[in-house]
1. Which pairs in the list A:28/A:49; B:128/B:256; A:47/B:47 are over 20 Å apart, alpha-carbon to alpha-carbon?
2. Figure the gain on full extension for residue B:134 and residue B:217 (residue separation times 0.36 nm, minus the Cα-Cα span) and round it to one decimal in nm.
3. Say R0 is 51 Å: what FRET efficiency, to the nearest 0.05, do residue A:237 and residue B:197 get from their beta-carbon distance?
4. Using only DSSP helix segments of four residues or longer, with each worth -39500 (n - 2.57), what per-residue ellipticity at 222 nm results for chain B after dividing by its residue count and rounding to 500?
5. If one takes the longest principal axis of the Cα atoms in chain B, at what angle in degrees, from 0 to 90 and to the nearest 10, does the Cα axis of helix B:3-15 lie?
6. Per-residue mean of other chain beta-carbon atoms within 10 angstrom of the beta-carbon, peptide A:114-122?
7. Size of the dipole of the protein assembly as shown about the Cα centre, Lys and Arg at +1 and Asp and Glu at -1 on the beta carbon, nothing else charged, in debye to 20?
8. Please determine, in degrees from 0 to 90 and to the nearest 10, the orientation of helix B:109-125 with respect to the longest principal axis defined by the Cα atoms of chain B, where the helix direction is its Cα long axis.
Amino acid sequence: MDINNGRPYLGFGLGLRTEHYHHVLEQKPDIDWFEIISENYMVAGGKPKYFLHAIREHYPMVMHGVSLSIGSSDPLDINYLKSLRSLIAEVQPEWVSDHLCWTSAHGINTHDLMPLPYTEEAINHVVERVQQAQEFLGRPILLENVSSYVTYKHSVISEWEFFNEIVARSGCLMLLDINNIYVSSRNHNFDPLRYIDSVDKEKVFQFHLAGHSDYGDYVIDTHDHPVVESVWSLYRYAIEHLGAVSTMIERDDQIPPFEELEAELNYARGIASEFLPQTNAQFQSSCSNKVSRASSCQS
Amino acid sequence: MSELKKLHHSFIDYLFDKESDISDFICDKNGANKNDRLNIYRFAFKKRLRDVIDNDHPVLGQYLGDELFDLLVEKYIVLHPSRHVSLRHYCDDLPQFLSKQAPFSEHPILAEIALFERLLMFAFDASKSERLTIESLQIITPEHWPAIKLRFHPSMQLLNAEWNSVESWQAIKSERSPEPATQQGERYWVIWRNQENLTEYRSLSFPEWSTLQNFLRGSCFSEVCEPLLEWYNEQRAPYQVVDYLRQWFNDKLITKIEA
Ligand SMILES: [Fe+2]
């Protein structure tokens, strides 16, 4: 089995959080890569920049943004894209991602990941803007599916059809948030397995795993809890069907000690190793405490 | 207007509690009450902004107490929509808001406390720059001294406070009750980030503050000596400036001397 499916594969990573700067730098934990939130480093200097550069020397990184607002009806924010481009030059990430959503409109930033209607109009609009952004940055970007709580009357197709169409037409890649698929499937009553079955597997470069808050009638994507069993099952299914995809745990609130996230990440490694010989080898070696750094193995 | 644009506008209006037809865009599906679902977005939107104000201005929050802080959050969210990609700038207008909006404007110390907290943040986020040591002065020949100009570390911020705002900030920070707000006459402060990436601040006398301001405006050594003649005689004034320079080198505030 070609476990890379023509994709670069980084292994198992974590979102880099300020709470863990010192630990990472002093202990150099056995994590394959880190994801940074791009906006947190769009500052002139100070502590965040210092740690970013120091940690980058030891780990591969990917950049994850929250402000591209690819679905907005305002023009693309050129100043934001310029800051992003210079941060890319600084960090030299393996790849750069943002969300398939809108965050700002009318010049006002909601600082939230607002859902788009799944319409032809929205597809055309987003495709054009993804192409503009990719041209400006000189590289393809990854887009991530967001959790959503409302269903628009105007939507004519499913979320996965919408996502696939944008990916196919714009040439962008996918960051699949397994938790977001689960959250939205509960909120909109769809089969999450169908979502995973339907995506173009060669386009999936990264997985996010995260925790949520379950209120029974609906589920909110809070990123403040460990990953729950139903999301682990979905992850197992995703790995089985999509192969080796670089996987990370995303925790944004109630940040636990680093070791807790490391243990959660090892749980993901364990699941992946059931299906992937390469990951199995890595899992074994990480269990026997050898330092293993996955490198980008583009095939 | 396109359908998408209409949806964006209606949703934004909804988040800001304005009249909005957003619920016309949403399905009541699978037993989900669309108003409950929409409210998830509005609740998260307001909570996020409230958390930013709270995180950026913890001392102001304590000074105000819960009730006034709630009022501040409610009014600020409506009057100052975020126009930046980063939430780091969300509260940039807060000092001005506090000085203009009743009931906060009736207590000018509030705007000063907020400004002090913002300047601490600006100092923390500023770009880095190499700092000179006092030895750099030794290579300046006597004939060059009158024309030297200074560049300061990008993190350096100056505050001119009329009220006991910094003192109240210090009290709350060390878990003491602040003195009642008093207009104590102008006090001058310099704030910067030190070599260990920690923010520092200290008070300045008016002559030191105005000398620093004059250097910042691009004046040279001989020009900054002149206004000091109001307090010092002609022999003393240049030495006084040298004393200030020593202190600034000590504080690691100077990044460049232009001869
Ligand atoms: Fe995510």
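The values are calculated or read from the model by the stated rules, or taken from the named source; none is laboratory data. Values in this document were obtained by computation on a predicted structure and should not be read as measured data. Positions of Cβ are generated from backbone atoms using ideal geometry, with glycine treated the same way; all protein chains shown enter the neighbour counts. Quick note on the areas: whole protein, heavy atoms, side chains included, nothing else; ligands and nucleic acids left out. Shrake-Rupley method; radii C 1.70, N 1.55, O 1.52, S 1.80 Å.
1. From A:28/A:49; B:128/B:256; A:47/B:47, over 20 Å: A:47/B:47.
2. 27.7 nm
3. Working from the Cβ atoms, E equals 0.70.
4. Taking each H run of at least 4 residues, the total per residue is -15000 deg cm²/dmol.
5. Value to nearest ten degrees: 70.
6. Per-residue shielding by partner chains comes out at 3.
7. 1020
8. 80
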